[in-house]
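The values are calculated or read from the model by the stated rules, or taken from the named source; none is laboratory data. Keep in mind that what you see is a predicted model, and the values were worked out from it rather than measured. Neighbour counts are summed over all protein chains in view; Cβ atoms, including those assigned to glycine, are modelled from backbone coordinates with ideal geometry.
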Ligand code: ADP
Ligand code: MG
């Protein structure tokens, strides 16, 4: 700074000489500037990439249920966001004075600067990632869980690709910040662009000419790296992507039309697909499931009806472990599957694919094509690629979506998305499919296309448990209808018996639904 003040005192000399264009142009190709720019670019990109990854781990730790991990990451973020980079830089560069062994790495200003930048920037990036991760709907995680996908694969295959798209613009900003922050590294004698400039103008007093060259180098670096990231951002944005259609759909259609596949699971060894015994669930002091007992035979189509808040969703979700029970046991295909409040074991995750789940809001993976939505689970479970692709296409044909195999979910109507979701639930050949109000998020004119797919599955002998408000559909396709109220099964009977029931409350509910 003293040098700069000294130089500015010579302003008169500089002005009287005017802008030295010759010097300016010659400095644009000064090898020292070029070398320093390469150092800055390298340092910025490595620091950004490492801070991005480390920040992601911090964000995940911060969102974890473990309170120790939460507190550790919160403290880290708080500390490194509060510390000025300059102070951190000097601390790290001076560390060898107190800890000699560290001099192997830290005596090199490049490494000391890199470490300081990563420590400081990862705290900012953790907050960016946290925001992006929070923006991904919880249904995405649940859809992954329902397909038997474990935590880490859910993060890497489903959550990160979507969160990265949201986080990329602020992360790009952070890269620009890092490029500019590298100028601070001159205090630890790293030969970066500003230091090269300072060394020049302290000798020749051509401050403005030299700083203009410095500015041009910084602008050039920022422009190039942000352009590269922008390309990546566009690549990640599926809404700007054209349909990828690598194969001729006509050939796929003809091949799928000639084949038939049984949608039915071949695990039919036990009498019942599902046996629920004494299920109880509390939210605080409120009991939302009261001693639920229910056996489901193979090929049964059971509709669960009842007023809002009666526990239908809780019941369906507790069957595949999305909601934890407090008490009770669930047997799947004759063997224990869920036991009370115990955490799921390894076997649970292997067998969960025997239960298909269709959600109210479809929960398709928006960054994957229709076909890839179907193939995610088979790929994860390491099933034969050709075979799973063949079954996925046959299923898409079955739900009338084969022509849309290479589209993304946002290019489809709600009804089409739900039909894809049904195909996705069928792809692992489940023993039973659970539906939680599959049509209640749809516009009225789209309801029938989904109901007819479900009715077709019923006719083919698929075992299904359907929470629905579509009464005429429920009465048409079900062998059994369950009426729930206040967490209890009040009636469990044939559609005919339910219709003829003398229970006033039930008749009042049915009348309400018809209007
Ligand atoms: P339904 O699907 O029949 O409308 P739900 O199973 O969604 O009913 O809800 C049953 C009861 O449990 C309701 O009273 C609801 O408010 C309560 N409930 C559901 N989920 C939660 C939750 N995560 N926390 C607290 N209460 C909940
Ligand atoms: Mg519900």
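Quick check, is residue 251 closer than 30 Å to residue 300 by Cα, assigned to a helix (DSSP H, G or I) and at pLDDT below 70? Answer is no for this residue. When the residues of region 473-491 are filtered to those that are away from ligand 1 (no atom under 16 Å from the Cβ) and surrounded by 15 or more Cβ atoms within 10 Å (Cβ to Cβ), the one that is nearest to residue 289 (Cα to Cα) is 480.
Output the number of residues of region 257-298 satisfying the condition of being within 16 Å of ligand 1 (Cβ to nearest atom) and loosely packed, with under 14 Cβ neighbours inside 10 Å. Count: 4.
Among the strands (runs of 3 or more DSSP E) lying completely within region 293-356, list those that include at least 1 residues that are within 16 Å of ligand 2 (Cβ to nearest atom) and under 32 Å from the mean Cα position of the chain (by Cα).
Output list reads 301-305.
Is at least one residue of region 419-428 within 16 Å of ligand 2 (Cβ to nearest atom) and buried (at least 20 other Cβ atoms within 10 Å of the Cβ)? Checked region 419-428: no residue is within 16 Å of ligand 2 (Cβ to nearest atom) and buried (at least 20 other Cβ atoms within 10 Å of the Cβ). For region 299-306, the criterion of being free of Cβ contacts under 8 Å to residues at least 60 places away in the same chain and either away from ligand 1 (no atom under 15 Å from the Cβ) or over 26 Å from residue 496 (Cβ atoms) (or both) is satisfied by no residue at all. Here residue 434 meets each of (1) more than 11 Å from residue 358 (Cβ to Cβ); (2) within 16 Å of ligand 1 (Cβ to nearest atom) with one exception, condition (1).
Test residue 153 against the stated conditions and say whether it is touching a strand residue (DSSP E or B) at 6+ places or on another chain (Cβ under 9 Å) and within 15 Å of residue 380 (Cα to Cα). So residue 153 fails the test. If you go through region 314-328 and keep only what is more than 18 Å from residue 433 (Cα to Cα) and surrounded by 16 or more Cβ atoms within 10 Å (Cβ to Cβ), you end up with 325, 328. Taking the criterion of being part of a helix (DSSP H, G or I) and more than 16 Å from ligand 2 (Cβ to nearest atom), would at least one residue in region 435-444 satisfy it? Yes - at least one qualifying residue is present in region 435-444. The residue that is surrounded by the fewest Cβ atoms within 10 Å (Cβ to Cβ), counting only those in region 457-472 that are within 13 Å of ligand 1 (Cβ to nearest atom) and farther than 13 Å from residue 300 by Cβ, is 469. A residue that is surrounded by fewer than 22 Cβ atoms within 10 Å (Cβ to Cβ) and within 16 Å of ligand 1 (Cβ to nearest atom) cannot be found anywhere in region 369-391.
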